[in-house]
Structures are given as structure tokens and as C-alpha cells.
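Bear in mind these aren't lab numbers, they're just calculated from the coordinates by the rules spelled out. Because the structure is a prediction, the values reported are computed rather than measured. Here the Cβ positions follow ideal geometry from the backbone for every residue, glycine too, while neighbour counts run over all protein chains shown.
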Ligand SMILES: N[C@@H](CCC(=O)N[C@@H](CS)C(=O)NCC(=O)O)C(=O)O
């Protein structure tokens, strides 16, 4: 079976969740850079890309052999696990899958709001209103409290004592806010969530998918320059290329 093609940008959170799964499984893949929101060639709103993912968003997966394409990070995560038999991260059991799926659906408009807080600093051109930013912060904090007090109440990972794709999806969003990276939010009021973030650092593939954030650094008070963003994505691509070369 030929390696799948992943379209995206290394800095994008949902792209990083998909890349993390592939890296974790040491699955070779081809990565093609796509500029999110752009209508030009290599943009996610170009007709060629829209034919693969009508939503016009990254990530998108294409099976090199059959040409089968899907968008939506969480659909890609579950598809990869089902099609490759990665039952450790997405068990082959209706109830366990149901619990993971429930988190993955909950994630949108909740934990995913972390990215609105980041985008408001990175994409000043998009003019996120103060109301919108305050609403994202409120939704994120509410969801973080749910992870801290329910999901992680008595287990090491979100859905029990073993890692699942829900942890990968959540960590790429929550982790970016911490003082290790953008430093946008103090997460110390969530002790279990903070311990879980530390635990996630041990998961294979963590370093590679967090490289762009490391490059961008603290943006709490100052947005990153265009050059910093570019080098974060270019460096991220180099890191992925090196990692995949070791798998083949
Ligand atoms: N629900 C989608 C969201 C993906 C998404 O928002 N991707 C952003 C980049 S992080 C994007 O492609 N934005 C471009 C646009 O909306 O035009 C998923 O989880 O895959």
C-alpha cells in the first residue's frame, strides 16, 4: 500500500493531530503544503483542493493508490485507525469508539476555541473582535474545566489509562496555550490537565509536531513576524521529512 498524502501546514492544530498519529505509528506519508484560506494555486480554496475537500480546510488525506480523499481531522484520525487496524489508539469496540467519538465531537466549539485565541494574535489581519475573543476564552475555560474535573478525574489519559486519538486531538489545542509555547493562558488552575500535558510530552511524535510552536515562542504580548511564521512552517516540514525518512 502506497503511503497516504496529507495536505496541510505544520503549524495548523488539526493538521498536527493527524501528523502526530502517523508519526506515532511510524507510518510513512507524503506531506504537501497547502495555504489555508487561499484561493490561489496550493491554497485550500483553490478548485483543485476543493475537489478533494469541499470544506476548503486543512488537513485533508488522500490515499495515493485509490485517490480516496477526506477532510476533517477527526474523520481522518478514525479512518486511519480503522483502515490500518490501529486498535490500541481507537479500540475495535463500539462502546469504546463511542466514548472517543463523543470527545472528538465535543472538542469543536469547546477545546478547539484555543485556536481562536492563537489566531487572534497570529492573524491580526482577520480582526477578531474583543467580544469574539472573550467568548472563545470563556468556551475554552469551560471545556478545560470539564477535562480537568471529569475526563481526567481518575485516569492518566482522557478516555482511560491508555492513550487514544482523543488525547492527540486535545493536546495539540490545549498545549499551544501553555507557557512552553505561546504563553497565552495560565493553565495552572487546572492541575490534572497540566499533569496530563506533561505526560503527553512522552508520547512518540510530540517533539516533531510541536516544533513550529517552539519556533514561534511566546506571543502573549507581541504577534510573531511573518518571517517567524514562515520559518516555523519550513522548519516543521524539514522535521517531518527527516522523521519519515527513518520509517521507510
Ligand atoms: N473542522 C476542521 C477544521 C479545520 C480548520 O479549521 N483548518 C484551518 C487551518 S487550522 C483552515 O483550513 N482554515 C482555512 C479556511 O477556513 O479557509 C478539522 O478539524 O479538520
Can you tell me how much longer the chain between residue 204 and residue 226 gets when fully stretched, taken as 0.36 nm per residue apart minus their C-alpha distance, in nm with one decimal?
5.0 nm
Can you give the calculated 222 nm mean residue ellipticity of the chain, where each DSSP H run of n ≥ 4 adds -39,500 (n - 2.57) and the sum is split over every residue, rounded to the nearest 500 deg cm²/dmol?
-15000 deg cm²/dmol
Distance between the C-alpha centers of segment 6-58 and segment 167-208? Whole Å please.
23
List 132, 117 from most exposed to least, where exposure is judged by having the fewest other Cβ atoms within 10 Å.
132, 117
Spin-label pair residue 45/residue 66, simplified geometry with 7 Å Cα→Cβ offset, distance in nm:
3.2
Cβ density ranking, 10 Å radius, fewest first, applied to 125, 148, 227 yields 125, 227, 148
Rounded to two decimals, the Debye log10 I(q)/I(0) of segment 94-207 (Cα scatterers, no solvent) at q = 0.16 Å⁻¹ is -0.73
Using 0.36 nm per residue, how much length does the chain from residue 133 to residue 242 gain when fully extended, once their Cα-Cα distance is taken away?
35.6 nm
Pseudo-spin-label distance residue 214 to residue 161, built 7 Å along Cα→Cβ, given in nm, is 3.1
Å³ per residue enclosed by the Cα convex hull of segment 1-160:
123
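Give me the extension gain from residue 141 to residue 119: residue separation times 0.36 nm, minus the current Cα-Cα distance, reported in nm with one decimal.
Computed gain between residue 141 and residue 119 is 6.2 nm.
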